[in-house]
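Read through the structure below, which is laid out as structure tokens, and then see the notes.
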Amino acid sequence: MINKVFTAKQLDEKDPLSCKADAFLLPKNTIYLDGNSLGPLPKNAEKRASEVVKMQWGESLITSWNKHQWISLPQQVGDKIGTLVGAKQGQVICCDSISINLFKVLSAALKMHPERKVIATTRDNFPTDIYMVQGLLDLLGDDYSIRYVDESNISAQLTDDIAVLMLTQVNFRSGFKLDMKAITEQAQSKGILTLWDLAHSAGAFPVYLDDCNVDFAVGCTYKYLNGGPGAPAFVYVARRHQARYKQPLSGWMGHNSPFSFSPDYTPDTSVKQNLCGTPGIIGMSILDAALDVFDDVSLKAIDEKSKKLQAFFIVEAKRASLLEELKVVSPPLDNRGSQIAFAHEDAYAICQAWIAQGVIADFRAPNILRIGFAPLYLSFADIEKAVMSLAAIIKEKRYDQAIFKQRQSVT
Ligand SMILES: *Cc1c(COP(=O)(O)O)cnc(C)c1O
């Protein structure tokens, strides 16, 4: 796709998103290839942080729940996220973490399918997704089980004893991207409810939840949506299921009338039922502001630039003879999300040495160097510099030092 005659400078000049980097506060002399793990700080998020703390909490105290509409923030932010994942209003709510939201949705989905006892997922799914199923199964007892399907041909492994098919659209290690529309359709033809995890999709490329007729989805907001560390996650419940949907974490904020303080729980019949306890308003306000970065850009443009950045990375890496050392373990560009994974036995030390040079990527056990491409703030010049730095580290074995091999608690 990238013609070698284009230099990084020429590609940057033609880039319609080049001005968006200015919306972020990025540290100088850092190239950030880890926006797929924790997005950087948008300028207006920083502004909102001080506004919500000083002006709202500080000045208006408890009256802010009405005055600054804190009470409807989860729906308001949910709808904003909805526009980025192809969901019409009233189907997405912002709350809790992916892990907790998975518990809610899986429980509710099993209840909608009482005759079926199997949750299917891929063995290579993100561990927390699997752990949450394991915890739920423990609670439900021996009738229920988890079944692993191979991600290479999911449709062929779907049988009509499966209640829920829980899939992450983009594999967190390899970047392999599943065909949401086809798989959802195949699953539904067997009466299976679908639950999609959009952790590595939301904000990276267009997602079409409504058009794909997805049943449920969850996602986080601190990766490509740049909501900040521990920013609240989101849940999508297709409108057609909302009347029947009943999740077990029946906290007061999911009650249809929380301020009647009734001793009996009456669930809200909208997506709002997913709320449990009091929402974290500060974090959600910061996220709300962070999402404004997407107001004037299309996800299609983001996706197109991501593909160009990725192709350019590979071209440059080949030119630096890096691909003899680093084995690409991601599928081809059209079948992957916004990341490339490379295998190397010293991937951890290489990643640490790269970070020491100002290029931040990440390591995923056992041997993966994972590079995320977030087109809102990355330039082609960044990619060129990052590859040059990596080439020097590998060719000169600069990573072969004790300090780079010492494992930290977060990798
Ligand atoms: C990042 C990620 C998560 C994180 O879950 P939290 O509960 O929000 O910490 C879950 N699933 C996938 C696929 C992820 O990539």
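FYI, it's all coordinate maths here, none of it is from the lab. This is a predicted model, so every value here is computed, not measured. Using ideal geometry, Cβ is built from the backbone for each residue, glycine included, and neighbour counts are taken over all protein chains shown.
Taking ASN367, ASN29, ASN101 as the candidate residues, the one with maximal mean-square fluctuation in a Gaussian network model of the chain, Cα springs under 10 Å, is ASN29.
Phi-derived couplings, Karplus 6.51 cos²θ - 1.76 cosθ + 1.60 at θ = phi - 60°, listed residue by residue for region 277-288: x, 4, x, x, 5, 5, x, 6, 5, 4, 4, 3 Hz, with x used for Gly and Pro.
Computed over the chain with a Gaussian network model linking Cα atoms closer than 10 Å, the most mobile of ARG319, ARG336, ARG173 is ARG319. For ALA320 and LYS405, a Förster radius of 22 Å and the Cβ-Cβ distance give a FRET efficiency of 0.40, rounded to the nearest 0.05. Karplus-based coupling profile of region 100-116, in residue order and whole Hz: 5, 5, 5, 4, 4, 5, 4, 4, 5, 5, 4, 5, 6, 10, x, 7, 10, with θ = phi - 60° in 6.51 cos²θ - 1.76 cosθ + 1.60 and x standing for Gly or Pro. Which of rounded, prolate, oblate describes region 174-281, given a ≥ b ≥ c as roots of the alpha-carbon gyration tensor eigenvalues and a/c under 1.5 marking rounded, otherwise prolate only if a/b is larger than b/c? Oblate, because a/c is 1.5 or more while a/b does not exceed b/c.
The alpha carbon centroids of region 245-280 and region 16-36 are separated by 39 Å. With R₀ set to 51 Å, the beta-carbon distance separating LYS9 from ALA365 gives a calculated FRET efficiency near 0.85.
Inter-label distance, TYR148 to GLU46: 4.5 nm, where each label sits 7 Å from its Cα along the C-beta direction. Working note: Karplus 6.51/-1.76/1.60 with θ = phi - 60° gives region 66-74 the couplings 9, 4, 9, 6, 4, 4, 9, 4, x Hz, where Gly and Pro are set to x. As a rough guide to protection, the peptides 164-172, 13-21 ranked by mean Cβ packing within 10 Å, highest first, stand as 164-172, 13-21. Computed extension length for ALA21-ALA311: 102.4 nm, one decimal, from 0.36 nm per residue of separation with the Cα-Cα distance subtracted.
Taken over region 102-197, the percentage of Cα pairs per 5 Å bin, counting from 0 up to the bin with the maximum distance, is 2, 14, 28, 26, 19, 8, 2, 0.
Taking SER321, SER270, SER285 in turn, the Gaussian network model of the chain (Cα-Cα springs below 10 Å) assigns the largest fluctuation to SER321.
Based on DSSP H runs of at least 4 residues, each adding -39500 (n - 2.57), what is the mean residue ellipticity at 222 nm of the chain after dividing by all its residues, to the nearest 500 deg cm²/dmol?
Taken over the chain, the calculation gives -9500 deg cm²/dmol.
With the simple model of a label 7 Å out from the Cα in the direction of the Cβ, THR63 to SER298 spans 4.5 nm.
Please work out how much length the chain gains when fully extended from VAL328 to ALA182, using 0.36 nm per residue of separation minus the C-alpha to C-alpha distance, in nm with one decimal. Kindly include the intermediate steps, with their values, before the conclusion.
Values: separation 146, 0.36 × 146 = 52.56 nm, distance 2.66 nm.
Result: 49.9 nm gained on full extension.
Between region 148-169 and region 98-139, the alpha-carbon centres lie 13 Å apart. Exposure proxy shown here: for HIS200, HIS255, the number of other Cβ atoms within 10 Å sets the order, fewest to most, as HIS255, HIS200. The Cα center of region 43-82 and the Cα center of region 312-366 differ in position by 39 Å.
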